[in-house]
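Participant: Quick one: this structure, given as C-alpha cells, is what I'll be asking you about.
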Amino acid sequence: MRLLITGGAGCLGASLVERFVPAGHEVLVIDNFATGKREVLPAVAGLTVVEGSIAERALVDGCFAEFRPSHVIHSAAAYKDPDDWREDAATNVTGTINVVDAARRPGVARFVNLQTALSYWRSEVVPIPVTHPLRPFTSYGISKTAGEAYVAMSGLPFASLRLANVTGPRLAIGPIPTFYKRLKAGQKCFCSETVRDFLDMEDFLAVVDRVLEDGAPSGVFNVSTGEGHSIEEIFDLVAAHVDARPDEPVPVVAPGPDDVPAVVLDPAHTHETLGWRARVGFAETMARVLEWYDAHGVTDVYSHLKAPR
Ligand SMILES: NC(=O)c1ccc[n+]([C@@H]2O[C@H](COP(=O)([O-])OP(=O)(O)OC[C@H]3O[C@@H](n4cnc5c(N)ncnc54)[C@H](O)[C@@H]3O)[C@@H](O)[C@H]2O)c1
C-alpha cells in the first residue's frame, strides 16, 4: 500500500504507523502536532512526515499529488479546546473536506475515517446501535459528525469507524491516563457517574486491517466490545495498580452538561458485516495500558470535555 495517514503523530495514528511501516508499506503522515508529538514518528525508510494542517487545501492537494496514496486513514481531529469552535470546524469539517476531496482522485482504493461516539447524543438505548439517530451537542461531536457526512457523501469506497475508547500505547485522553497521572502525583481525583466501553489497540488495528482489504464493505461501523464499565471501576483498577490508598472514597459526581452518561456501542452490525469482533478482554486491556504507562509514563492529558466548575 501507499498509505496516507492524517494525524499520524497521535495516539491511534502512531500505532498505525508502527504497524504499517515495518510491514513494508510506504506511509505519508500529515500532522500539525496540535496534540500529537513529532518524536513518536521514527526517522525510518518508508515513512515521510509532512508538518502542516489539513485545513490548508494546497498542502493536502500537494501531498496527494506527490505521494499518490492507494489507501487513506483519516485520523486527524481537533478537540482539545471545547470553546475553540473555529479550530474544530477548520480541522474536522474543512480539513476533512480537503482530505476527502483530494482522495477522490483516481487510485484511492479505500478511505478509512475515524469517528467519535459523541455523534449519538445522550442515548437512552444502551448499547447504542449504529442505526441510532445522530444528534451531537458539543463542538467536537458536531464538527466530527459533519466530517463523517462528507465522507459518506463522497462516493469513495469508505469505512467510518465509530470507536469505543481505544486503549493502548500513548493514550492521553480520558480517565485512565488522568487517574494514573494524578494518583502517581498524590493528587485527588473524582469520577463522573458515567459508563464507557474500552477497546484494546490490538482489536482496533485488526478492524482497520479488515476495512482496508480490497472489496471490504463500505459504510459506518460501531467498533466496540459492547461492554460498559463505570469510571469508578476504572479508578479502582488504576488505584490498585499504582498502589494508591486514598484516605476517603473517591467522589462520584453527576456528569457535566457536555458529558454523556453512557457510551456503550452495539457492535452487532459490525460483527455481521465485517466478520470482526473484539478479542481482548477488559482486564487484559487495562493491564496492558497500565504496564505501558509504567514503562513510558503519561505526558500531557487532553479532554474534549469542559473542566467542571
Ligand atoms: N482514541 C479514541 O479512543 C478515539 C475514539 C473515538 C474517535 N477517535 C478518533 O480517532 C482519531 C484519532 O484520535 P486519537 O485518539 O489518536 O487523537 P490524537 O489527538 O492523539 O490524534 C489526533 C492527531 O491529529 C493531529 N491534528 C489535529 N489537528 C490537525 C490538523 N488540522 N492537521 C493535521 N493534523 C492535525 C494531532 O496533532 C494528532 O496527532 C480522531 O479522529 C478521533 O476523533 C478516537
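The values are calculated or read from the model by the stated rules, or taken from the named source; none is laboratory data. Keep in mind it's a predicted model, so treat the numbers as computed, not measured. As a convention, Cβ positions derive from the backbone with ideal geometry for all residues, glycine included, and neighbour counts pool all protein chains shown. With ligands, DNA and RNA removed, areas are computed over all heavy atoms of the protein, side chains included. Shrake-Rupley method; radii C 1.70, N 1.55, O 1.52, S 1.80 Å.
Participant: Could you list, in sequence order, all residues of segment 76-105 that are in a loop (DSSP other than H, G, I, E, B) and within 17 Å of PRO157 (Cα to Cα)? Can you show your working first?
Facilitator: Applying the first criterion (in a loop (DSSP other than H, G, I, E, B)) to segment 76-105 yields 76-84, 104-105.
ARG104, ARG105 - these are the residues of segment 76-105 that are in a loop (DSSP other than H, G, I, E, B) and within 17 Å of PRO157 (Cα to Cα).
Participant: Can you tell me how many residues within segment 125-172 are in a loop (DSSP other than H, G, I, E, B) and closer than 16 Å to ALA76 by Cα?
Facilitator: Qualifying residue count for the region: 3.
Participant: Moving to a separate point now. Exactly one of these conditions fails for GLY13: (1) in contact with a Ser or Thr (Cβ under 7 Å, 6 or more places away or on another chain); (2) under 17 Å from ARG170 (Cβ atoms); (3) open to solvent by 20 Å² or more (accessible area, probe 1.4 Å). Give me its number.
Facilitator: Going through (1) in contact with a Ser or Thr (Cβ under 7 Å, 6 or more places away or on another chain); (2) under 17 Å from ARG170 (Cβ atoms); (3) open to solvent by 20 Å² or more (accessible area, probe 1.4 Å) one by one, GLY13 breaks only (3).
Participant: When you go through ALA34, ALA65 one by one, which is the residue that is open to solvent by 20 Å² or more (accessible area, probe 1.4 Å) and in a loop (DSSP other than H, G, I, E, B)?
Facilitator: Values: ALA65 fails: in a loop (DSSP other than H, G, I, E, B).
Answer to the selection: ALA34.
Participant: If I filter segment 75-93 down to residues being near the ligand (Cβ under 7 Å from one of its atoms) and buried (at least 21 other Cβ atoms within 10 Å of the Cβ), which single residue comes out as farthest from MET1 (Cα to Cα)? Walk me through how you get there before you give the answer.
Facilitator: The first filter runs over segment 75-93 and keeps only residues near the ligand (Cβ under 7 Å from one of its atoms), leaving 75-79, 90-91.
Now restrict to residues that are buried (at least 21 other Cβ atoms within 10 Å of the Cβ): 75-79, 91.
Numbers: SER75: 17, ALA76: 20, ALA77: 23, ALA78: 27, TYR79: 30, THR91: 25 Å.
In this case the residue turns out to be TYR79.
Participant: Separate question: Can you tell me which residues in segment 257-270 are open to solvent by 30 Å² or more (accessible area, probe 1.4 Å) and part of a loop (DSSP other than H, G, I, E, B)?
Facilitator: Here is the first cut: in segment 257-270, the residues open to solvent by 30 Å² or more (accessible area, probe 1.4 Å) are 257, 261, 266, 268-269.
Within segment 257-270, PRO257, PRO261, ASP266 qualify.
Participant: Turning to a different aspect of this structure: In segment 37-62, what count of residues is obtained for those that are among the charged types (D, E, K, R), open to solvent by less than 70 Å² (accessible area, probe 1.4 Å) and in contact with a Gly (Cβ under 9 Å, 6 or more places away or on another chain)?
Facilitator: The first filter runs over segment 37-62 and keeps only residues among the charged types (D, E, K, R), leaving 37-39, 51, 56-57, 61.
Among the residues that remain, those that are also open to solvent by less than 70 Å² (accessible area, probe 1.4 Å) are: 37, 61.
Subsequent filtering for residues that are in contact with a Gly (Cβ under 9 Å, 6 or more places away or on another chain) retains 37.
Residues that pass the stated criteria total 1.
Participant: Further, regarding this structure: Filter segment 243-255 down to the residues that are in contact (Cβ under 8 Å) with a residue 24 or more places away in the chain and open to solvent by 30 Å² or more (accessible area, probe 1.4 Å) and list them by number.
Facilitator: Step one: list which residues in segment 243-255 are in contact (Cβ under 8 Å) with a residue 24 or more places away in the chain, which gives 244, 246, 250-255.
The answer is PRO246, PRO251, VAL252, VAL253, ALA254, PRO255.
Participant: Does LEU114 count as open to solvent by less than 40 Å² (accessible area, probe 1.4 Å), within 13 Å of the ligand (Cβ to nearest atom) and in a helix (DSSP H, G or I)?
Facilitator: Values: open to solvent by less than 40 Å² (accessible area, probe 1.4 Å): yes; within 13 Å of the ligand (Cβ to nearest atom): yes; in a helix (DSSP H, G or I): no.
Spelling it out, it is not the case that LEU114 is open to solvent by less than 40 Å² (accessible area, probe 1.4 Å), within 13 Å of the ligand (Cβ to nearest atom) and in a helix (DSSP H, G or I).
Participant: Output yes when any residue across segment 231-239 is surrounded by 18 or more Cβ atoms within 10 Å (Cβ to Cβ) and under 20 Å from the mean Cα position of the chain (by Cα), and no when none is.
Facilitator: Scanning segment 231-239, I find at least one residue that is surrounded by 18 or more Cβ atoms within 10 Å (Cβ to Cβ) and under 20 Å from the mean Cα position of the chain (by Cα), so the answer is yes.
Participant: Does segment 94-105 hold any residues that are at pLDDT 95 or above, of a type outside the set (Val, Ile, Thr) and away from the ligand (no atom under 11 Å from the Cβ), and which are they?
Facilitator: The initial filter retains those residues of segment 94-105 that are at pLDDT 95 or above, namely 94-104.
Cutting the leftovers down to of a type outside the set (Val, Ile, Thr) gives us 95, 98, 101-104.
Within segment 94-105, ASP101, ALA102, ALA103, ARG104 qualify.
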